[in-house]
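Notes follow the structure.
The values are calculated or read from the model by the stated rules, or taken from the named source; none is laboratory data. Because the structure is predicted, anything quoted here is derived from the model rather than measured. Please note: Cβ atoms are built from the backbone with ideal geometry, for glycine as well, and neighbour counts cover all protein chains shown. To get the accessible areas, we keep the full protein, side chains included, count just its heavy atoms, and leave off ligands, DNA and RNA. Shrake-Rupley method; radii C 1.70, N 1.55, O 1.52, S 1.80 Å.
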Amino acid sequence: MSGTRDTWGRLLRNLRISVTDRCNLRCAYCMPEEEYVWLPREEILHFEEIGRLVDVFIELGVDKVRLTGGEPLLRKDLPGLIRLLAAKPALRDLAITSNGILLGEQAQGLKDAGMHRVTVSLDTLKPSRFSLLTRRDTHAQVLEGLAAVTRAGFTDTKIDTVVMRGVNDDELGDLIEYGRTVPAEVRFIEYMDVGGATRWSMDKVVSRTDMLERLAARYGVITPVDEVTTAPADRYRLPDGTVFGIISSTTAPFCVDCDRSRLTADGLWYLCLYAQQGTDLRRPLRGGASTEALKALITGRWQARTDRGAEDRLAQRDRAPLLQVASLKRDPHLEMHTRGG
Ligand code: SAM
């Protein structure tokens, strides 16, 4: 297959675009501190600039784009960007990851603008637990948001749940049951030691093996879905046919298949969720760089890519949070809420 490959043969295909670093939640595993260093507004890419970069990425083989953040629905006039991206036939998948709070108001607008799929992050079905985890009282809005996604006509909806020991690991089955009613496929994410997760520790991680054991105790035999994909989730089928996924980035990483890269709202491009350095695409873009020059810059970086960030983390003894607050304050691009999940 043609395309742009890195040193491990991984194709450049999947671009996650953070459209804002702002968020209306303060999830304990992502934004646990009191105060944040926000990206300067004048440095945030305009929609036309994002569109121009996406055109360059498309020429290099990208055919999947996911909008994320921060909370992407906080970006003013997001449907304007979606219309611009949806008009590019080379993008065979255009998705968004949202915390769901604003979906009640915005789901129909996203659909009308041409968004293909929606993923909603939801860690608990219990309102009081949601408030503790997110430091906001907006659980009901998230559930309304999910209902609005279905009403707007979206299919292939996903619910992403970060599973933490002693926090929400008693809700795996209940979340699957809830997913059936939406309908949405639930994907359980192992708690990751990424930037922003300053209170992470290995004992709070519930491994894929552990999750499967718990679900098997409730449902009986669980069968892996037989499929070849570079998607981060391994998918499984319950005896009644319900499918769910597990993203095991912490205990069983999948760097070998990683075709993802991330663009921050201010135009820094990161090749790995664990990367400490990104490539500044805003500066050449605003400096008048030609499409060929941007292509050369991106191709050169991708072809030189060697990282296997999650696998390197796994190999570490005495694994602790990736970064301390002081480094996050020095460079907000290291935050998960800046580079997008
Ligand atoms: N605001 C949007 C949302 O809530 O989905 C998009 C941005 S959020 C950073 C994207 C995803 O990253 C969410 O599903 C969130 O749960 C996940 N995430 C953040 N920190 C994480 C961590 N330490 N481990 C695993 N997933 C994490």
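Show that you can apply the helix-only estimate: for the chain, add -39,500 (n - 2.57) for every DSSP H stretch of four or more residues, divide by all residues, and state [θ] at 222 nm to the nearest 500.
Result for the chain, helices only: -9500 deg cm²/dmol.
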Kirkwood hydrodynamic radius for segment 64-110: how many Å is it when counted over pairs of different Cα atoms?
11.1
Label-point separation (nm) for ALA217 and ALA326, each offset 7 Å from Cα along Cα-to-Cβ?
4.3
For segment 10-169, the per residue accessible area (1.4 Å probe, Å²) is 38
Suppose we keep just the DSSP beta bridges with both residues in segment 1-97; what percent of those would be antiparallel, to 5?
10
Under the 7 Å Cα-to-Cβ spin-label approximation, GLU227 and GLU42 lie apart by a distance in nanometres of 4.6
Taking the Cα centre of each part, how many Å lie between segment 270-341 and segment 228-264?
21
Expressed as cubic angstrom per residue, what is the convex hull volume of the alpha carbon set of the chain?
132
At a temperature of 20 °C and a viscosity of 1.002 mPa s, determine how fast segment 130-255 diffuses translationally according to Stokes-Einstein, using the Kirkwood radius over alpha-carbon pairs as Rh; express D in µm²/s, rounded to the nearest whole number.
137
Every cysteine in the chain with no other Cys Cβ under 4.7 Å from its Cβ, please list them in numeric order.
CYS23, CYS255, CYS258, CYS272
How long is the gain from GLN276 to ASP93 if the chain were fully straight, where each residue apart is worth 0.36 nm and the alpha carbon distance is subtracted?
63.1 nm
Taking every alpha carbon pair in segment 195-299, what does the distance histogram look like in 5 angstrom bins from 0, in percent?
2, 10, 14, 15, 14, 12, 10, 8, 6, 4, 2, 1
Residues of segment 77-99 with amide nitrogen under 16 Å from the 7 Å Cα-to-Cβ point of ASP112?
77-84
Which percent, to the nearest 5, of DSSP beta bridges fully inside the chain are antiparallel?
30
List the relative contact order of the chain as a percent without decimals, with contacts defined as Cα pairs under 8 Å and 6+ residues apart.
23
Where the centroid of each part is defined by its Cα atoms, how far is segment 151-192 from segment 114-141 in Å?
10
Find, to one decimal place in angstroms, the Kirkwood hydrodynamic radius of segment 1-100, where the mean of 1/r is taken over every pair of different Cα atoms and then inverted.
15.0
So which of LYS111/LYS158; LYS64/LYS88; LYS88/LYS295; LYS158/LYS295 end up more than 21 Å apart, counting from Cα to Cα?
LYS158/LYS295
At q = 0.20, 0.23, 0.26, 0.32 Å⁻¹, what log₁₀ I(q)/I(0) does a Debye calculation on the Cα points of segment 225-275 give, no solvent, two decimals?
-0.80, -0.93, -1.04, -1.25
What is the spin-label model distance, in nm, from ALA252 to LEU84 if the labels are put 7 Å beyond Cα along the C-beta direction?
4.1
Check which residues have an amide H placed less than 5 Å from LEU91's amide H, if you skip close sequence neighbours.
none
Restricting the count to DSSP beta bridges whose residues both fall in segment 135-284, what percent are antiparallel, rounded to a multiple of 5?
55
For segment 159-169, in order, what is each residue's ³J(HN,Hα) by Karplus, 6.51 cos²θ - 1.76 cosθ + 1.60 with θ = phi - 60°, in whole Hz (x at glycine and Pro)?
10, 9, 10, 7, 9, 10, 4, x, 10, 9, 6
